[in-house]
Structures are given as structure tokens and as C-alpha cells.
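First comes the structure, then the notes that go with it.
The values are calculated or read from the model by the stated rules, or taken from the named source; none is laboratory data. Quick caveat, the model's predicted, so the values are computed rather than measured. For neighbour counting, all protein chains shown are included, and Cβ atoms are generated from backbone atoms with ideal geometry for every residue, glycine included. Areas reflect the complete protein model, heavy atoms only, side chains present, ligands, DNA and RNA absent. Shrake-Rupley method; radii C 1.70, N 1.55, O 1.52, S 1.80 Å.
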Amino acid sequence: MLPGIFLIGYNIGTGSLTAMSKAGANFGCDLLWAVLLSCVITWYLINFFSRFTMASGLTAMEAYRKHLHPAYAWVLWSGLATIILSALMAMLGLLTDVVLVWFKEVWSVDANRILTGIVLALLVYGLILFGNTKRFEAMLGVMVALMGVAFIGSAIWFFPDAKTVLEGFIPKLPAVSEGSDNSSMVILAGMVGTTVSVFAFLIRSGQVKDHGWTMADWKMQKRDALVSATMMFVLSAAVMITATATLHADGHKMNHIKEMIPMLKPIFGQAALVVFVIGIMAAGISSHLPNMMVIPWLSDDLAGRKRNTQTTAKRIVLGGLTVISILGVFMARPVFLLLLSQAGISLVMPMALLGLMYLSSKKELLGEYTPKKVEWVVLALIACFSLFMSFQALMGLFSDLSSILTT
């Protein structure tokens, strides 16, 4: 199950916590339906991307270049790389914020922001230098376990009344909340973008090839995908429910993940607060680590090479990405930068999905494993949903950027 757990660790990061916490703080459980729908779509697309690679022997990026057009693959790669660069800066900025507030609340220590950010960046870089695919999966497995203890435990402890939770599964768009970063459209796009993540599907395609899975392993792959999508929902819902029962109930709005720590301190107490922060840190590092490797991995996939982060050239590239991530320490509003990157994911998602749908129609690539009629209907609906969320992301971002520029 480690490949599936790897995807959980990648998807449920500080960005996901930010989006789910903001949704819970601003709107209660009103967007719980979107979490469930996103996880169901994620499960279906993990299977879709996996089956393509298992049947064709090609990763998605490699297939775009060879059987669609090199320009298509490079445009997609460029869009993904741009999003990753902003996500790296935002993620490190958020992790630094969390550590600083943790030190302040627990030990009454004012740590140096820049030094803290550099130490975190070098820690992740060190893990990459001494890691490989199996080690990465094992590390993320431990981090997912820590997240589970922290967030599921919190949700159980602060579980609101059942009616509030159940009503959250009724599809609705809450009214726009006042204030910058609080647009329901931006938050919704961020939630969907961080769950139905094109990066997770492209990484999965490479995982399948790395593990040498073929259609003979289809049952194992489906089980792995189900575990991944189910735990994504449980962890995401747990964060939203906790924020609903604590922040939303007291009328708090959340524009920074660090704001949750002092707000929850009187409720959790010192010991439980440490556990909660460990969960946040595990989530952040579990996303930041694979984010660092996405550009080298996708470059290898594009060229049809075996993934390898241990070459001198890759270590230099990863060193450069580490330096870029440190720039996030100087960002005043890393949460908004992260939401921008997540909403950006929903913009490139249609390109990756529609491209693979086109390639999946070719019998010379998939043979008897081309999608059936019912599957085409489901894929068409998912594509429409993806395009709709792209439109919502653009509208929400334009609205929020306008409010920022006029203040």
C-alpha cells in the first residue's frame, strides 16, 4: 500500500490543511460535499492514469510527447513547473510560520525567521540526497501516520453535532465571506485543486512504471488507489470538522495556518497542541519533499528516462530549487500564494486530462484496455467538472486580486 500512502502524503499537505481549515473556519461544513466529490474523482483518475501506463508501458508525460505533440508536452510541463515553484516558496513560508508560532506558544522563544526557513529547506534537501523511491514512500508512510493521529484524533475530540456534518454533504455554494483571501470560489478551487491534483496523477503514472506494474497487477492497483482516496477524504474531512467545531463556532476567520495554533491552545492544552503541530509539520514536509522532486521526475518522464534523483545534475537542480523555496521565507502572505498555486493546478488539470482521454481512445496504445462507453461518460463529466472549476478559479482569483490591489 506504500505507493497509495505516498499519494496521501503528497496530497494532504500544508496547502490542503490551509484550504480545508479556511473552508471550515469561514463556512463550517458547507463544503464537505466538495471534499467527498473531489476524493471520488481522485480515486477514479488514479485508476485511469494507472491503467494507461500499465497497458501502454508509457508514463502520461512520455505519451503526450510521443503520441500527441512535443509542444503539448512542453507547454504542460512549463505550466506545472511554474505552479511548483510558487508552491515551493509558499510551502516553506508556511512551515516556517508554523515553527515560529510553535516556539513562541510552547517555549516562549522568538526564533529567527530566516534561519528557521533555511534549516527546514536544508532538512528536506538532505532527505532527498540520501533517499530513493522506496525510502521516500516509507518516509511519507510515517508522516501520514502522524497526520492520522493528529487530525482524526482532533476531529473525534471536537466533533460537532451530527446534523451539521450531514448537512455538509448537501451540495451548495456558501455566500462570499468578507475580507481578502476569503472568497468562497478561491477556497473551493483551492480545495479541489489540492485534492484532484494533476501532480498526483502524473506522479502515479511514474510510480506505476517504476514499480513495473502491468495489467496483471490491476487488482493490487485498485486496492492501493482505494486506500489512498479513502484516507484523503478522512484526513481532509477531519481538518474541516475540527476547524468548524473550533474556529467557525467562535466566529474566527483564518488567513494563515499559523493562526490555528494560538486559537486552539486554550482548548488543546500544551501537550495536545504539540501533537497537533506535529501533524501540521508532517503534512507540510510530506508535500514539500515530493514537490521538490516533481520537476526532475516529470523531466525524466518526458524524456522516457528512468527516474533518478541521485545524479550530479539532478542534485544541482534540487539545490537550485532549495534556494528558490527559501525565497518563501521573505513572503508576507504565503497562504495566498499557496492558494494561487492550488487554483492554478485546476487550470492545467483539464489539459492533462483531455490529453490522456484522447490518447486512451487509441487502440494501438491500449489495445483491449481502452475505456468502455460508460467510462467515457464518466470521464466526460469529470472533464466538464474540471473545466467548471477552472472557470471558478479564474473568477475567484480575479475578484480577490482586485480587492488586494484596491486596498
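Protein heavy-atom surface of the range 56-133, 1.4 angstrom probe: 72% of the accessible area is carbon and sulfur, with nucleic acids and ligands not counted.
From the cross-link list 66/222; 219/306; 66/362; 209/362; 209/363, which pairs have alpha carbons spaced over 22 Å apart? As for pairs spanning more than 22 Å Cα to Cα, those are 66/222; 219/306.
Per-residue SASA remark: residue 314, around 30 Å² accessible (1.4 Å probe; ligands, DNA and RNA not included). The mean accessible area for residues of the range 17-167, using a 1.4 Å probe and ignoring ligands and nucleic acids, is 39 Å² per residue. Take the Cα of residue 218, go 7 Å toward its beta carbon, and the backbone nitrogen atoms of the range 369-383 under 19 Å from that spot belong to 369-379. One decimal place: the segment residue 162-residue 81 gains 25.0 nm when fully extended, by the rule 0.36 nm per residue minus the C-alpha distance.
The protection proxy used here, the mean number of other Cβ atoms lying within 10 Å of each residue, ranks peptides 348-355, 105-112 as follows, highest first: 348-355, 105-112.
Using a probe of 1.4 Å on the protein chains alone, the accessible area found for residue 78 is around 60 Å².
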